[in-house]
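Undergrad: Please read through the structure below; I'll follow up with questions.
The values are calculated or read from the model by the stated rules, or taken from the named source; none is laboratory data. Keep in mind it's a predicted model, so treat the numbers as computed, not measured. So basically every Cβ, Gly included, is an ideal-geometry build from the backbone, and we count neighbours across all protein chains shown. Side chains are part of the model used for accessible areas, which takes the heavy atoms of the whole protein and leaves out ligands, DNA and RNA. Shrake-Rupley method; radii C 1.70, N 1.55, O 1.52, S 1.80 Å.
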Amino acid sequence: MPDKFINYGKQTIEQDDIDAVVEALKSDWLTSGPGVQDFEKKISDYTGAGYTIAVSSATAALHLASLCLLAKNDQVLTTANSFLATSNSILYAGAYPLFIDIDKYGNIDLDLAEDYLKKDHSSKIRAIYAVHFSGKTPDYQKLEYLRKKYGIYILEDCAHSLGAMYRNGTKAGSSYYSDCSVLSFHPVKNITSGEGGAITTNNPDIYHRCLQLRNHGINRNSESFLNFEMAFNEDNTVKPWYYEMTELGYNYRITDIQSALGKSQLNKIDRFIIKRREIAEIYGIAFQNKKFIQALYPFDKFSAYHLFVVLIDFLGAGISRTEFMNNLKAYGIGTQVHYIPINKQPYYQKLGYGQEYLPNTRDYYLRCLSLPIYPELSSEDLQYIINKIDGILS
Ligand SMILES: *Cc1c(COP(=O)(O)O)cnc(C)c1O
């Protein structure tokens, strides 16, 4: 066994990140304080979005966004090639995902999605949930077009793509071409707050609703109080202790401690993404014209490269994926499969999913593997990984 293990992903925590967290711990606010708002403002400034609501995870963000966009029994076009949380959030809202096949980048195929919209005579399709798989943004013009032409909502799951750009240079997470976007600050993602997530939007209604849902459905704005008798004194002044719960909300708050870390990390996002792109470019060159292995897509300077996915012809190479992964593991190299198609999960099968005709998703799943990529991966380690892969495949 080698003396160290290279995981497929890893956070980068530096001294100033630690200092920022210590400072938050010494401050008056551990949660719901000014640090959260600072973090939100910084996310808005970075992405270009008008509003940001920071929450306890991207899963929480997806849940709240889904409560804003969806009603019971609505249908949502989405992809099976994502983490479970994307389509789970649709179920949380009492709506149903329809799994659409993927394009050659691993993203939802928006042309197939349009075919569904054309055939949707019951008008049950309310939204498209588009995942920026691996950190590559979808075609923003197509998103805009579908949103306008079919009057549907678009949610972008940007858990992989903070730091990525659309073809016109605007940033992932801006929500310029959608109703809202969702970010993740889990340690494996492009920046981290330990656990954490955010919704970004340019729609003030979504913003205010998510703020309220994040905190138990509580409203503290006296202008919109409903129960006058309870809320106001006889001289029309507000009772100082009063608040109102107007809908069933949650505790999805993020702490000031997490926000301090997230804010410090956001200072470094561009440096982190440059490193990820450098690694992706080196992998790309290494696997060019190789037998049995290829990058999922040619080097893309707009991608945030949360993942570096290769497609391997395991059958041709005469090795199973299990053997391949185990061999690399014995060399101290961690790899992962992103993702097991969600529609094949037993829970989804119990709901009647699993038999969809998704040939690209199936072929992709049989061949994909995510190689190590993170800012602190050294060029020696990178060369070591490439050499070991070459060795196994030859
Ligand atoms: C990680 C991830 C999520 C969930 O993020 P959490 O912050 O862990 O809740 C959702 N969608 C995608 C595509 C992800 O990769």
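Undergrad: When Lys and Arg each count +1 and Asp and Glu each count -1, what net charge do the other residues less than 11 Å away from Ser161, Cβ to Cβ, add up to?
TA: Working: positive: Lys136, Lys171, Lys189; negative: Glu156, Asp157.
Around Ser161, the charge tally is +1.
Undergrad: Using the Cβ atoms and a cut-off under 13 Å, what net charge is assigned to the surroundings of Cys180, where Lys and Arg are +1 and Asp and Glu are -1?
TA: Values: positive: Arg147, Arg209; negative: Glu156, Asp157, Asp179, Asp205.
Here the count lands on -2.
Undergrad: Kindly state, to the nearest 0.05, the FRET efficiency for Ser222 paired with Lys72, given R0 = 41 Å and r defined as their beta-carbon distance. Walk me through the intermediate numbers first.
TA: Working: r = 32 Å, r/R0 = 0.77.
Calculated transfer efficiency: 0.85.
Undergrad: Suppose R0 equals 25 Å. What FRET efficiency, 1/(1 + (r/R0)^6) with r the Cβ-Cβ distance, do Thr170 and Ser32 give to the nearest 0.05? Display every interim value, and only then the final one.
TA: Details: r = 31 Å, r/R0 = 1.24.
After rounding to 0.05, the efficiency reads 0.20.
Undergrad: Carbon and sulfur atoms: what percent of the 1.4 Å accessible area of the chain do they account for?
TA: Numbers: 9350 of 18300 Å².
It is 51 percent, rounded to a whole number.
Undergrad: Need the C-alpha centroid separation for the stretch 159-175 versus the stretch 1-33, integer Å.
TA: 25
Undergrad: Suppose accessible area is computed on protein heavy atoms with a 1.4 Å probe; arrange Lys41, Lys388 from highest to lowest.
TA: Working: Lys41 125, Lys388 60 Å².
Solvent-accessible surface, decreasing: Lys41, Lys388.
Undergrad: Report the Cα centroid-to-centroid distance between the stretch 264-319 and the stretch 111-150 in angstrom, as an integer.
TA: Cα centroid of the stretch 264-319 versus Cα centroid of the stretch 111-150: 26 Å apart.
Undergrad: On to the next question. Using per-residue counts of other Cβ atoms within 10 Å, averaged over each peptide, order 264-271, 283-290, 305-312, 126-133 from highest down.
TA: Working: 264-271: 17.6, 283-290: 15.4, 305-312: 23.6, 126-133: 26.5.
For the peptides 264-271, 283-290, 305-312, 126-133, the packing ranking is 126-133, 305-312, 264-271, 283-290.
Undergrad: Same structure, new question: How much accessible area per residue does the stretch 178-337 have, in Å², with a 1.4 Å probe?
TA: Numbers: 7750 Å² over 160 residues.
Averaged over the residues of the stretch 178-337, the accessible area is 48 Å².
Undergrad: Select from Met165, Met230, Met325 the residue whose mean-square fluctuation is largest in a Gaussian network model of the chain (Cα-Cα springs shorter than 10 Å).
TA: Result for the chain, Cα springs under 10 Å: Met230 fluctuates most.
Undergrad: Just list whichever of Lys4/Lys171; Lys42/Lys149; Lys189/Lys344; Lys275/Lys344; Lys124/Lys171 have alpha carbons separated by over 29 Å in the model shown.
TA: Details: Lys4/Lys171 36 Å; Lys42/Lys149 33 Å; Lys189/Lys344 25 Å; Lys275/Lys344 35 Å; Lys124/Lys171 31 Å.
Those over the limit are Lys4/Lys171; Lys42/Lys149; Lys275/Lys344; Lys124/Lys171.
Undergrad: OK, next. Enter the accessible area of His216 (Å², nearest 10), with the probe set to 1.4 Å and all protein chains included.
TA: Rounded to the nearest 10, the figure is 80 Å².
Undergrad: How large is the Kirkwood hydrodynamic radius of the stretch 277-366, in angstrom, based on all distinct alpha carbon pairs? Please list the in-between numbers first.
TA: Working: mean 1/r = 0.0659 Å⁻¹.
Final number for the Kirkwood radius of the stretch 277-366 is 15.2 Å.
Undergrad: Could you provide, to the nearest whole Å², the per residue accessible area of the stretch 26-165 with probe 1.4 Å?
TA: Accessible area per residue, the stretch 26-165: 38 Å².
Undergrad: What does the charge count near Asp16 come to, summing +1 for each Lys or Arg and -1 for each Asp or Glu among other residues with Cβ under 14 Å from its Cβ? It would help to have the intermediate numbers written out before the result.
TA: On the way: positive: Lys263, Lys268, Arg271; negative: Glu14, Asp17, Asp19, Glu23.
Residues close to Asp16 contribute a combined charge of -1.
Undergrad: Another question about this same structure. Decide, for the chain, between rounded, prolate and oblate: order the square roots of the alpha carbon gyration tensor eigenvalues as a ≥ b ≥ c, take rounded if a/c falls under 1.5, and otherwise choose prolate if a/b is larger than b/c, else oblate.
TA: Values: a/c = 2.26, a/b = 1.44, b/c = 1.57.
It comes out oblate by the Cα gyration axes.
Undergrad: Let me check something: with ligands and nucleic acids excluded, how do His186, His208 order by accessible area (1.4 Å probe), largest to smallest?
TA: Details: His186 70, His208 110 Å².
The residues order as His208, His186, largest area first.
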